[in-house]
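Data first, discussion second: the structure below is written as structure tokens.
Only the coordinates and a few stated rules stand behind these numbers; no lab work does. In this text the structure is predicted, and so the values were computed from the model without any measurement. Here the Cβ is made from the backbone with ideal geometry for all residues, glycine too, and neighbour counts use every protein chain on show.
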Amino acid sequence: MSQERRHSFRRSPEDMAVARTIPDTPQTRSPAYRLAFADEDFLTREELRPVRLQLELLKTELALDEAGIRSTIVLMGSARIPAPEAAQSGAAARLARYYEEARRLARLVTEASLKGGGTENVIVTGGGPGIMEAGNRGAAEAGGRSVGLNIVLPHEQAPNRWVTPELCFNFHYFAIRKMHFLMRARAICIFPGGFGTLDEMFESLTLIQTGRMRRVPFLLFGRAFWEGLIDWASLAANGLVAAADLELFRYVETAEEAVGLIGAPPAPAAGG
């Protein structure tokens, strides 16, 4: 990440380097003597949560800005859906076709993005296995970059090898991670998934429904899956959502159908 000097003061990395070479004394061994911004014990204190939230927001935001990422296409879906070549049997294997649809969607979107310089409609996923891997893989196979927004979990969530390394981020806070999914989103594509996918889907829909986020193409892959899982019509029939709210999303079955609804990337800005 670039650290262009905008002032005449000594830079903090320089002092960090010097601090590692100071004489070993009872005073310098004391935790109180550590530079505050280089002190993990201090930064992870309960009282520092607001600072950590800000750091997680800023680190990814600055990196994406410096990489020239102007807009994204979000792919969400289960970490447990395998690639067809790895599918064995059972329910997950029956959903393996969605891995290929996500992979093809990412490839098609990235190919179109690269024609305009590769800064618009960049694929972003959760950076893990399953559908997330398929999205990053398709972008890499098209020769483009993709973003991975990983999170520290006890299992399942190591970053997949297809994420562009300098655009692979790790989070502690789910809330900040979900903000970054949506801040640059020009379309949201939801594949079959479990609790995590449902959480991300409903939060995104709520933001659009309540006007907290501009409306973008919101595509659910697999009508049979989603209608079997959620009785959308019942929500409207019982007055829990407006009938118009059910128009906030569309069902699609194929990558090509989704690309048609997403549309072409924005034209590059003048002088960009």
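Taking amide H atoms as placed 1.01 Å from N in the peptide plane, the amide H of residue 81 lies under 5 Å from those of 131, each 5 or more residues away in sequence or on another chain. Remark on region 23-66: ratio of C-alpha radius of gyration to 2.2 N^0.38 Å is 1.55. The angle separating the long axis of helix 131-141 from the principal Cα axis of greatest extent in the chain is about 80 degrees. Net charge near residue 121: determine it from the other residues with C-beta under 12 Å of the C-beta of residue 121, scoring Lys and Arg +1 and Asp and Glu -1. Residues close to residue 121 contribute a combined charge of +3. Between 266, 243, 191, whose Cα lies farthest towards the positive end of the dipole of the chain when Lys and Arg beta carbons carry +1 and Asp and Glu beta carbons carry -1, centred on the Cα centre? Going by the Cα projections, it comes out as 266. Summing Lys and Arg as +1 and Asp and Glu as -1 over all other residues whose Cβ lies under 11 Å from the Cβ of residue 236 gives a net charge of -3.
When 76, 132, 213, 201 are sorted by how many other C-beta atoms sit within 10 angstrom of their C-beta, beginning with the fewest, the order is 213, 201, 76, 132. Size descriptor for region 1-79, Kirkwood hydrodynamic radius: 16.2 Å (Cα pairs only, one decimal). For the chain, a crude dipole built from +1 on the beta carbon of Lys and Arg and -1 on the beta carbon of Asp and Glu, taken about the Cα centre, is about 480 debye to the nearest 20. Note that region 23-37 has calculated 3J(HN,Hα) couplings of x, 7, 9, x, 5, 6, 7, 5, x, 4, 8, 5, 4, 4, 7 Hz, one per residue in order, obtained from phi through the Karplus relation 6.51 cos²θ - 1.76 cosθ + 1.60 (θ = phi - 60°); glycine and proline are x. Multiplying the residue separation of residue 115 and residue 40 by 0.36 nm and subtracting their alpha-carbon distance yields 22.6 nm.
For residue 59, the shell of other residues with beta-carbons less than 13 Å away shows a net charge of -3, using +1 for Lys and Arg and -1 for Asp and Glu.
Using helices alone, I'd like the mean residue ellipticity at 222 nm for the chain: each DSSP H run of four-plus residues gives -39500 (n - 2.57), total over residue count, nearest 500. That calculation yields -12000 deg cm²/dmol at 222 nm. Comparing 241, 18, 51 in a Gaussian network model of the chain (Cα springs below 10 Å), the most mobile by mean-square fluctuation is 18. Along region 40-57 the Karplus relation, 6.51 cos²θ - 1.76 cosθ + 1.60 evaluated at θ = phi - 60°, assigns HN-Hα couplings of 4, 4, 6, 5, 9, 5, 3, 5, 8, 3, x, 5, 5, 4, 5, 5, 5, 5 Hz to successive residues, with x for each Gly and Pro.
Between 56, 200, 47, the GNM of the chain built on Cα springs shorter than 10 angstrom shows 47 fluctuating the most. If you take all C-alpha pairs in region 69-262, what percent of them are over 25 Å apart? So the portion of pairs separated by more than 25 Å is 31 percent.
Considering only 172, 180, 155, the Gaussian network model of the chain with Cα springs below 10 Å gives its largest mean-square fluctuation to 155.
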